[in-house]
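Undergrad: I am attaching a structure below and will ask some questions about it afterwards.
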Amino acid sequence: MTTATVAWNGDTLAIAGELDFASVADLWESTQPLFQAEPIRRIDLSGVHRSNSAGVALLAAWLHTAHYDQRPLVFVNVPAQMRAIIQVAGLDAILPLA
């Protein structure tokens with residue numbers, strides 16, 4: 001079983017581990033209360049060591065949540081593997097990557 005963890009620090013969520021089909025559902029569930037309670041402005045992906053399209057879909061879902069609440073959101077330290085998927089999927093114009 002793959003796992004991903006989240007740590008909250010101020011306005012930043014730090015994500016670590018693997019973002020794949022086995023881990024993103026749990027990560028989505030665990031972050032929803034944080035988005036509802038806190039002004040999350042950055043998601044730091046420097047701790048992600050592997051991801052597939054499910055991880056990119058999670059970024060899109062987080063962005064949708066932030067936009068729905070009219071809050072800015074940026075993804076920082078996006079791993080090269082995720083950037084490649086984002087580019088191939090044509091999401092580089094939509095997802096705010098720093």
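Undergrad: Quick check: pseudo-label points 7 Å beyond the Cα along Cα→Cβ at ALA60 and THR12, how many nm apart are they?
TA: Inter-label distance under the simple model: 2.7 nm.
Undergrad: I've got another one for you. Which ³J(HN,Hα) values in Hz, rounded to whole numbers, follow from the phi angles of the range 50-64 under the Karplus curve 6.51 cos²θ - 1.76 cosθ + 1.60, where θ = phi - 60° and Gly and Pro get x?
TA: Calculated HN-Hα couplings, in order: 7, 8, 10, 5, 5, x, 5, 4, 5, 4, 5, 5, 4, 4, 4 Hz.
Undergrad: For every other residue with a beta carbon closer than 11 angstrom to the beta carbon of PRO72, add +1 if it is Lys or Arg and -1 if Asp or Glu, then tell me the sum.
TA: Residues close to PRO72 contribute a combined charge of +1.
Undergrad: Compute the semi-axes of the equivalent ellipsoid of the chain, taking the square root of 5 times each eigenvalue of the Cα gyration tensor, and list them largest first in whole Å.
TA: For the chain, the semi-axes come out at 18, 16, 12 Å.
Undergrad: Still on this structure: Grab the other residues whose beta carbon is less than 11 angstrom from that of LEU13, score K and R as +1, D and E as -1, and report the net.
TA: Summing Lys/Arg as +1 and Asp/Glu as -1 gives -1.
Undergrad: From zero up to wherever the largest Cα-Cα distance of the range 24-66 sits, split into 5 Å bins and tell me the percent of pairs in each.
TA: The distribution over the range 24-66 is 5, 19, 34, 28, 11, 2, given as percents.
Undergrad: If I take R0 = 30 Å and measure r between the Cβ atoms of GLU38 and ILE94 in this structure, what FRET efficiency does the formula 1/(1 + (r/R0)^6) give, to the nearest 0.05?
TA: After rounding, the FRET efficiency stands at 0.80.
Bear in mind these aren't lab numbers, they're just calculated from the coordinates by the rules spelled out. Nothing here was measured: the structure is a model prediction, and the numbers come from that model. Neighbour counts run over all protein chains shown; Cβ positions are idealised from the backbone, glycine included.
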